[in-house]
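Working notes, beginning with the structure itself.
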Ligand code: DX5
Ligand code: ZN
């Protein structure tokens, strides 16, 4: 299992599908819990699409792994993943919370595949201890995964279960604490603090300071193996589950820092969205927002080529989404950079996904090496592949759970032979400089090219990320996002800067502005000033509202 690729894109794509289903289902029901469904979305994604052993055709299969959703109100999140995973048709989500449906407001055993009737909070961990202990006694090798909320950690029963799991050395039990800092009525730290006492009003700022998080100490003192992660980062969840599996003799608690309502700005960090459904008129805007998540990928060749280890560290400290590795062979492009041996050396420094961009001839001869070196996505160029060689590469990457990427040079139009691969492609790199080196100027024609690509990609059901590569900077990133790019490589403009973290933050901010504009455009298109005002009004946490209002005013919508 540990040698298996990350399956980053497969997980991401399914998490997106599941989030959309949560919106659809809760809207349809007129009630439900999107906030807590979204905070645990990536955790469930990693479990359902990579780690959990289950058979949707045989939900009671004896040796299945058990997933216990203790925070049962997040049922829409569980059900939507069960649908995507094949337990029942996605359309069944339309019956959420209806009388007689197996998809009730809280998980119920009437729904095959559901392990536990959540809803009465604080009890799921005790139940998990029971089935984990039973597994030990019966010498079964199934694993129990349990998701608990931070709000329900107010219950004494959670801590009784914690002691019991340690007493019985339940290393077949892995729990996730969905640490989103919000419970039904308010912020957890106001209701019953789990962390160091936080003083002042702007609690959300303090939560970002990891040094103040003390919940892990509590679990450690109860004898658990504790791992602390960012609960929205697939690669961190993945690494934590691997560590949990490798830890013998004690149960594992993965404290996952998450954001309630994650991915929909107006729901994020807002207690109001604990248990409330979105209105019908904003659903299309929310779906567009979900489709518009983006990633920033620094290109380390823009840094010190004699110390790439340090460049990787700068990316880690800078909170890069993934690290772009430009491999040049001195043939496909005049320059030479590094090959798979370097990537293998860099791999132990971080779990952040490696995005290997192969600017090399005859890539089909080398892709295997790049998989083995630890690439999470491998991109090859259309100029040096054809239907047959790309087919081979495609299959190899898929079998190895590695993302599949294709790149086209500024002068290359997407060849027709690629069309049949588009629906399976994870990434399309649209080069906006002639490949060969960093620090070049963005080729303006790329905007038109992106417009030409759009209908082709739609027609062939492309559901991956378009990655913009070459000359991306703070001035043009907004318009490149508007063109449809969702991953952004930054060489000179990120790694070339002294403060990588600030550069990445600025990249994100500019992209976010562009996204907000697109969403406001959509609101205006669908419902004029009324809907624009409604959309603005939903954004009540922090500075968002003022900024979005400004965008709407500048556009002349209000
Ligand atoms: C070009 C590479 C790019 C490039 C990025 O051949 O594929 O990744 O170096 O660097 P900037 O952002 O400086 O163009
Ligand atoms: Zn590149």
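Across every pair of different alpha-carbon atoms, what Kirkwood hydrodynamic radius in Å does the stretch 165-321 reach? All intermediate terms of the calculation are to be shown ahead of the outcome.
Values: mean 1/r = 0.0546 Å⁻¹.
In the stretch 165-321 this quantity evaluates to 18.3 Å.
Which FRET efficiency value, to the nearest 0.05, is calculated for residue 347 and residue 398 with the Förster distance at 30 angstrom and r the Cβ-Cβ distance? Provide the component values of the computation, followed by the final result.
Values: r = 21 Å, r/R0 = 0.69.
FRET efficiency, residue 347 to residue 398: 0.90.
Does anyone have the angle between helix 446-459 and the longest principal axis of the chain? Alpha-carbon axes, 0 to 90°, nearest 10?
Result, in degrees: 50.
Given the C-alpha centroids of the stretch 16-63 and the stretch 483-558, what is the distance between them in whole angstrom?
Cα centroid to Cα centroid, the span is 28 Å.
Would you list 106, 73, 324 from fewest to most Cβ contacts within 10 Å? Kindly include the intermediate steps, with their values, before the conclusion.
Values: 106 18, 73 24, 324 30.
Ordered from fewest to most neighbouring Cβ atoms within 10 Å, 106, 73, 324 come out as 106, 73, 324.
How many percent of DSSP beta bridges within the stretch 161-314 run antiparallel, rounded to 5? Could you put the intermediate results ahead of the total?
Details: 1 of 13 bridges.
In the stretch 161-314, DSSP labels about 10 percent of beta bridges as antiparallel.
Within the stretch 268-288, list the residues whose amide N lies under 20 Å from a label point set 7 Å along Cα→Cβ of residue 546.
268-270
Taking every DSSP beta bridge with both residues inside the chain, roughly what % is antiparallel (nearest 5)?
About 5 percent, rounded to the nearest 5.
Please report 378, 84 as a ranked list, fewest other C-beta atoms within 10 angstrom at the top and most at the bottom. Mind showing how you got there, number by number?
On the way: 378 30, 84 21.
Listed from fewest to most nearby Cβ atoms, that is 84, 378.
Test of understanding: ordering 402, 511 by Cβ neighbours within 10 Å, fewest first, what list do you get? Walk me through the intermediate numbers first.
Working: 402 26, 511 23.
If I rank by nearby Cβ atoms, fewest first, I get 511, 402.
Given the DSSP H assignment, sum -39500 (n - 2.57) over each helix run of at least 4 residues in the chain and divide by its residue total; what's the result at 222 nm in deg cm²/dmol, nearest 500?
Numbers: 19 runs with 215 residues, N = 558.
Computed ellipticity for the chain at 222 nm equals -12000 deg cm²/dmol.
Could you pull the Cα extents of the stretch 297-345 along its three principal axes, largest to smallest, in whole Å?
So the extents along the principal axes, rounded to whole Å, are 33, 18, 17.
Can you give me the angle between helix 387-399 and the longest principal axis of the chain, using Cα atoms only, in degrees from 0 to 90, rounded to the nearest 10?
On a 0 to 90 degree scale, this one is about 30.
Quick one: angle between helix 234-246 and the longest Cα principal axis of the chain, in degrees between 0 and 90, rounded to 10, please.
50
Quote the convex hull volume per residue of the stretch 1-154, based on C-alpha atoms, as a whole number of Å³. Kindly include the intermediate steps, with their values, before the conclusion.
On the way: hull volume 17.3 nm³, N = 154.
Per residue, the Cα convex hull of the stretch 1-154 comes to 113 Å³.
Once fully extended, how much extra length lies between residue 246 and residue 448, figured as 0.36 nm per residue of separation less the alpha-carbon to alpha-carbon distance?
Working: separation 202, 0.36 × 202 = 72.72 nm, distance 5.05 nm.
The span from residue 246 to residue 448 would gain 67.7 nm if fully extended.
Largest first and to the nearest Å, give the Cα extent of the chain along each principal axis.
65, 58, 47
Taking one equal scatterer on every alpha-carbon of the stretch 77-218, how large is log10 of I(q)/I(0) by Debye at q = 0.14 1/Å?
-0.83
So if R0 is 30 Å, what FRET efficiency would residue 501 and residue 475 give, r being the distance between their Cβ atoms, rounded to the nearest 0.05? Walk me through the numbers before you get to the answer.
Details: r = 20 Å, r/R0 = 0.67.
Calculated transfer efficiency: 0.90.
The numbers here are math on the coordinates, done by the rules we state, and not lab data. Keep in mind that what you see is a predicted model, and the values were worked out from it rather than measured. FYI the Cβ positions are ideal-geometry reconstructions off the backbone, even for glycines, and counts take in every protein chain you see.
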